[in-house]
Amino acid sequence: MTSCPSCGAAHRNAGRARGGPGIRVVAVHAGSCAYRAGIRRGDRILSVDDCRVDHELDFAFLTASDAFDIRVRRRQKERLLRVCRTPSRTLGVTLAATPVSRCRNRCIFCFVDQLPPGLRSSLYVKDEDFRHSFLNGNYITLCGGGQDDLRTIVRLGLSPLYISVHATDPAVRIRMLRNRRAGAILEQLRYLKRRGIRFHAQIVVCPGINDRAVLRRTITDLCRLGRSLLSVAVVPVGITRHRRDRLRAVSENDARRIIADVARLRQRDRQLNGAGRVYASDELYLLAGQRIPSHAHYRDYPQIENGVGLIRKLLREWREVKRTVKFPGRKAPGRQDTLSLVLTSVSAYPFVARIASGLNRRLPRVSLDTVAVRNGFLGDTVTVAGLLSGKDMIKAIRRHPRKPSMVYLPDVALNYRGYTLDGYSVKRIAREAGVPVRPVAGVSDLAGHIRRACAR
């Protein structure tokens with residue numbers, strides 16, 4: 001065993017890492033620090049200053065200093081190279097991506113297991129990778145690599161993390177995740193707290209399993225973790241029409257009770273810790289038929305990717321657009337308005353329709369019509385814009401009584417490569433619907449596109 005000079009943690013010798021020795025170099029920029037040190041494409045980096053390298057984050061952490069030794073393997077021979085980095089310059093090496101750690105749980109509420117067959121393979125990947133939790137905000141359960149992963153998180157200082165808790169009662173969590181290792185979550189969170197790692201938490205509520213007293217205990221336990229806890233999102237379980245068991249969706253009464261519990265415990269957290277860090281998702285307020293909280297309620301919107309505060313942020317953005325954006329003059333007399341459709345989800349429809357109506361009062365030569373797209377792909381219980389399919393959007397466009405000159409769709413329905421859940425690109429949607437289609441990212445983007453169209 002050798003000790004890492006950066007953190008004092010013990011590492012196994014290079015070449016003995018899990019899944020094979022080190023990581024492969026796929027490119028080295030000519031003239032870079034790495035190139036001058038002798039690192040070449042195809043080399044396998046085994047260690048930095050005698051500390052093993054398992055993945056990209058290890059390498060970034062261990063090469064943060066100005067000078068260090070790198071051990072590489074090239075054609076079955078090992079070489080020790082000295083790297084001296086010029087201040088403010090990057091190392092100049094590109095590494096092969098290490099495989100994503102896969103989830104070993106069999107969660108009773110897993111959304112991936114509720115997808116229909118025949119979709120692109122990446123949609124069925126269930127990751128449990130602390131690297132992507134830190135880098136991309138992916139939620140993990142801490143059931144993957146056990147204590148080894150926790151030690152690596154602490155060694156690299158990966159904070160904040162995003163952690164799926166669901167229940168702190170060990171028996172309930174084991175039942176929900178169907179993993180006998182799942183019951184140690186509070187012990188794991190306390191370990192991270194003691195070592196300065198902060199985290200956001202998520203609770204997916206399944207009625208009859210982790211609601212009521214279990215939910216109250218879970219939130220209370222999390223809030224007792226002090227400043228290490230950054231926020232808690234309470235969201236309803238998502239159920240598609242492809243689900244085979246009898247897991248029950250959250251009802252209106254369930255949603256009201258959950259919101260009441262969240263509000264009470266949030267207030268207690270504010271009194272004890274100086275900040276209310278517990279949030280109910282927008283979907284719960286919509287299910288309960290209750291008003292969305294104010295902007296101040298969400299502070300810096302720490303859980304917006306989890307559907308917490310999206311609607312309030314949308315309405316606040318509309319308020320800002322009304323205040324700052326100058327729209328063209330009044331419509332020319334005798335000129336007919338051109339029709340544009342704004343596609344949205346069932347749950348967001350009342351709010352988007354209100355915004356479209358406000359834009360109509362300010363726009364010349366354009367008439368906006370809002371269309372709520374029913375989710376036939378996953379089922380009527382799935383009502384969020386991020387899970388709309390290309391087929392359902394095409395169907396909604398074709399069913400409209402008038403042919404639009406432009407269709408605007410929410411860009412959250414597209415992945416980073418521009419594809420919907422069922423593999424449709426914007427070009428394909430436009431081609432099959434027979435109209436121009438443009439994705440928009442929020443009210444400002446929509447208003448900007450329409451304003452420019454009116455000015456032409």
What single numbered condition from (1) among the aliphatic types (A, V, I, L, M); (2) more than 12 Å from L341 (Cα to Cα); (3) in contact (Cβ under 8 Å) with a residue 40 or more places away in the chain fails to hold for L368? (2)
Taking the residues in region 229-268 that are without any contact (Cβ under 8 Å) to a residue 24 or more places away in the chain and part of a helix (DSSP H, G or I) as candidates, determine which candidate is farthest from V205 (Cα to Cα). Q267
What pairs come out if I take residues in region 20-45 that are in the same structural domain as D69 (by TED's automatic domain parsing) and pair them with residues that are in a loop (DSSP other than H, G, I, E, B) and of a type in the set (V, I, T) whose C-beta lies under 7 Å away, six or more apart or interchain? G22/V53; I23/V53; I23/T98; V25/I39; V28/I39; C33/T86; I45/V53
For region 63-75, enumerate the residues that are modelled with pLDDT of 90 or more and either of a type outside the set (D, E) or farther than 14 Å from L91 by Cα (or both). T63, A67, F68, I70, R71, V72, R73, R74, R75
Being under 21 Å from the mean Cα position of the chain (by Cα) and surrounded by 14 or more Cβ atoms within 10 Å (Cβ to Cβ) is true for just one of D221, D300, D269, D282. Which residue is that? D282
Could you tell me which residue of region 240-265 is farthest from A280 (Cα to Cα), considering only residues that are modelled with pLDDT under 95 and of a type in the set (A, V, I, L, M, F, W, C)? L247
Is it fair to say L286 is modelled with pLDDT under 95 and either outside the structural domain of S228 (by TED's automatic domain parsing) or assigned to a helix (DSSP H, G or I) (or both)? no
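The values are calculated or read from the model by the stated rules, or taken from the named source; none is laboratory data. Computed from a prediction, not measured in an experiment: that's the story for all the values here. Please note: Cβ atoms are built from the backbone with ideal geometry, for glycine as well, and neighbour counts cover all protein chains shown.
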